[in-house]
Amino acid sequence: MDEKFKQRVRERYQRALQHGERFWPDSIYKDLLVSLGLFILLVGLATFVGVKPEPKVDPSDTAYIPRPEWYFLFLFEFLKFIPGKLEWLGAIVVPSVAVAVLFLLPLIDRNPHRHYSKRVLAISVMGVIVVQMVMLTIMASVPAPAPEQTAIKTMQMLAGLAIPAITLILLFIFSTMAKDPAAQRKSLTATAGIAALAIVVLAGGSAIPLQRNAPPKEEVAVAGTIAEQVAQGEELYALNCVECHGADGDVTVIQGVEGLDGKVVTPISSKDVMYAFTDDTLFNIINDGLSELGMIPFGTANGGELSPGEIESIVAYMRYTWDDRMELPEEQRVGGIPSLAEGEVPSYDVHIEPLAKRYCVSCHRAGKENNNYLMTSYDEILNTGDDAPNVVAGDPNSILLQVIQGHTVQGVNGEIDVMPPNGKLLKDEYIDMFVRWVMAGMPQTAEDAAAAAPAP
Amino acid sequence: MASKIYQWLDERLGFDDLYKGLLDRPEPRGTWWNTLGSATLFLFTIQVLTGIFLLVYYTPSPDHAYDSIQYIMNGVAFGWLIRGIHHWSATLMVLLVFLHMLRVFFTASYKFPRELTWMIGVLLLLTTLGMGLTGYLLPWNQRSYFATTVATEIAGLVPWAGPFITRTMRGGNDLSALTLSRFFAAHVWLLPLTLAALIGVHLYLIIRHGESEYPTEED
Ligand code: HEM
């Protein structure tokens, strides 16, 4: 770079300033307008899209598929094309060289010209790399192809690694071979253009079928607000804890549970437990269990089924339901069992399902001792059980109605206990709900129930 | 009266000189592409302001990080808005830094006399990515935990020094409270200060050399 060249650049710049604009207000005005637009966009995104809730850390969840932030996805996808042994090459060497070249670009690119038509090599190289990065990001955001989808995998390999690499080499070769600038411009533009098109077509072509056949995303329920947490905790408590501790946490003697029949337990909704145990203690009891005393561990870290977030929900539910020092504002309550109006006929969907979920399903689901009577769906309640049918339309002596009203019944396997078996009957209101439901012929949906109601 | 006060202050602080030197400058004719740099700067300011707010409630310990974020989202008035802006602004900032770099590349603005501006710019790009990487762990949720596990594993692929780098980033063999406090310190002190200092140099160089003109056939 000689002095004459620098002088030319400076003179050229002075000329540009002559018929330019003022920084203030011309440029600043544009800057401010863009910033204002961005700010509105940000408030909109924060309000209407928000931040996706995520479950709490659970290091033992080995099935979790890690995903980096979207702007690292291209690198993540790129690494998939590199065989395991060479991973360091793709993960360390290639990015480091790329960054080094980027950093030293002004020293490496000695071409004195600035106009696009005289920088065809630089622009072609950058263009191909940018197209590659964008397409890698797109390929990373659709589901990965299955091992047997070899055609799609080959397309991705070509678009993500092979074509860009070969194109870059070709570009450098052509730039040295061409005789005059016009020929060079033509060959480089054509090479880069065809390569970019091929990358887009192959990557896009592989992404479309993958996206179309994507299995519907499983939404992990993450309780955001306290109310949601309590509602989630209520469900989980009903499913996991009711069989031993009862729906209201007041069981003193476990009954109807294999291996623990007759075991004396502290009622966990009592002040003795609620006041004496902190949230952390409760969390640890549920997570680690009390193995000498007969309570199994529930945390995934100990081979159970509950993630830390779910255990926290149960603790929140216990606190807000049983601890008289804590109160959830009434309007925040969600879910629950709706109560019946005078003469209203209950339906499975609206009334019986939540009722059974809360008081019965903990024992009456697959894998528990229950005379094979499952209560997790409408059909099961009607048709399963060793003494099926346990409910008969219009029959006040149906087995289910008998046992929840405190009578024992002689069944095929011997005597059937009162239900729930732990010594405390359901609230009258709920017994009445079951009775009215069976007497009206067990309507499933709210419409069926309305149709079954006696005309006023 | 007002003009007297202004004169008194101006004599000591030199508003007029500042105005002439910084604002009332001639520039080559620009386009909307020239706003990308200042837009990035604007988002950086937003990040600092919302970040300070989040810092009031955030606790960098594995036991409380997640809950403190929950509290920001549910308990603090407009906490969800502030966190939402911080989250989205981080995303947009990476996008804009990248677009800004591309615009500078395609207009060949990195050539004489702006080579250093470009080099500082590359450092800005790396620091911004570093902000994203360290900030990602702070909510201490499933996504952040496992993404950081992978990221630190990748750093471990560096020949020879790899295992040492991974252990330094994690503060041990596994992700732990130490990892969180290291990433936290980097995210709220080390990297923002680096970024601010680099931006200072970047802006000084831009004012010194002036915005570049768009190239024409003769360049
Ligand atoms: C935190 C990130 C960054 C901020 C806040 C920032 C800010 C700015 C601002 C305000 C300008 C003047 C307006 C404009 O031309 O858009 C500018 C110009 C410039 N930036 Fe950046 N920048 C950042 C990152 C980068 C990166 C990543 C590069 C390139 C690797 C870069 C290279 C340049 C160059 C060479 C100029 C001079 C352009 C010209 O004179 O036409 N900057 N930057």
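Some points to look at:
- Pairwise centroid distance, computed over Cα atoms, of the stretch A:363-436 with the stretch B:69-106, Å: 55 Å
- Separation between Cα centres of the stretch B:140-219 and the stretch B:26-41, rounded to whole Å: 26 Å
- Evaluated at q = 0.13, 0.20 Å⁻¹, a Debye calculation over the C-alpha positions of the stretch A:119-210 (equal weights, vacuum) places log10 I(q)/I(0) at -0.45, -0.84.
- Rolling a 1.4 Å probe across all protein chains gives A:Met274 an accessible area of roughly 0 Å².
- Inter-label distance, nm, simple model (7 Å from Cα along the C-beta direction), B:Leu95/A:Glu258: 5.5 nm
- Paramagnetic label zone (point 7 Å from Cα along Cα-to-C-beta, A:Asp349; backbone N under 11 Å) in the stretch A:425-456: A:444-450
- Expressed as a fraction of 2.2 N^0.38 Å, the C-alpha radius of gyration for the stretch B:1-96 is 1.66.
- Backbone phi angles across the stretch B:53-63, fed through the Karplus curve with coefficients 6.51, -1.76 and 1.60 (θ = phi - 60°), yield HN-Hα couplings of 4, 4, 4, 4, 10, 6, 10, x, 10, x, 6 Hz in residue order; Gly and Pro are listed as x.
- Applying a length cut-off of 18 Å (Cα extent along the axis) and a mean Kyte-Doolittle floor of 1.6 to the DSSP H helices of chain A leaves A:28-44, A:120-141, A:163-177.
- Placed amide H near A:Met295: partners under 5 Å, 5+ positions off or other chain: A:Leu290
- GNM top mover of B:Asp17, B:Asp63, B:Asp174 - chain B, alpha-carbon springs below 10 Å: B:Asp17
- The accessible area of A:Asp395, taken with all protein chains in place and a 1.4 Å probe, comes to roughly 50 Å².
- For A:Ser175, the solvent-accessible surface with a 1.4 Å probe is about 20 Å², rounded to the nearest 10.
- Seen against the Cα atoms of chain B and their longest principal axis, helix B:65-74 is set at about 60 degrees.
- Taking amide H as placed 1.01 Å from N in the peptide plane, B:Arg25 has its amide H under 5 Å from the amide H of A:Phe23, A:Trp24, each at least 5 places away in sequence or on another chain.
- Angle of helix B:2-13 to the longest C-alpha principal axis of chain B, folded into 0 to 90 degrees and rounded to 10: 70°.
- Within-15-Å neighbourhood charge of A:Met177 [Cβ basis; K, R +1; D, E -1]: +2
- Computed 3J(HN,Hα) for the stretch B:103-109, one whole-Hz value per residue from the Karplus formula 6.51 cos²θ - 1.76 cosθ + 1.60 where θ = phi - 60°, is 5, 5, 5, 6, 8, 6, 7, glycine and proline marked x.
- 5 angstrom amide H check on A:Val253, placed H, neighbours 5+ away: A:Val265
- Each label point was placed 7 Å from the Cα along the Cα-to-Cβ direction; for A:Ala366 and A:Asp428 their separation is 4.0 nm.
- In the calculated pair-distance distribution of the stretch A:1-86, the portion above 20 angstrom amounts to 73 percent of the Cα-Cα pairs.
- Using distinct alpha-carbon pairs, which all enter the 1/r mean, Kirkwood radius of chain A in Å: 29.2 Å
- R0 of 41 Å, Cβ-Cβ distance A:Lys271-B:Val48: FRET efficiency to nearest 0.05: 0.25
- With both labels modelled 7 Å from their Cα along Cα-to-Cβ, the A:Glu342 to A:Arg325 distance reads 4.4 nm.
- Which of A:Phe277, B:Phe164, B:Phe112 is most accessible, then next, and so on - probe 1.4 Å: B:Phe164, A:Phe277, B:Phe112
- Over all pairs of different C-alpha atoms, the stretch A:226-332 has a mean inverse distance whose reciprocal, the Kirkwood radius, equals 14.1 Å.
- For the stretch B:28-209, the Kirkwood radius over C-alpha pairs fed into Stokes-Einstein at 4 °C and 1.567 mPa s yields D = 73 µm² per second.
- Largest to smallest in accessible area, the residues A:Met133, A:Met375 fall in the order A:Met133, A:Met375 (1.4 Å probe, all protein chains included).
- If the segment from B:Phe106 to B:Asn173 were pulled out straight at 0.36 nm per residue, it would be longer than the present Cα-Cα gap by 19.7 nm.
The values are calculated or read from the model by the stated rules, or taken from the named source; none is laboratory data. What you see is a predicted model; the values in this text were computed from it and never measured. In this analysis, Cβ positions are derived from the backbone assuming ideal geometry, glycine residues included, and neighbour counts consider all displayed protein chains. Keep in mind that these areas ignore ligands, DNA and RNA; they rest on the heavy atoms of the full protein, side chains included. Shrake-Rupley method; radii C 1.70, N 1.55, O 1.52, S 1.80 Å.
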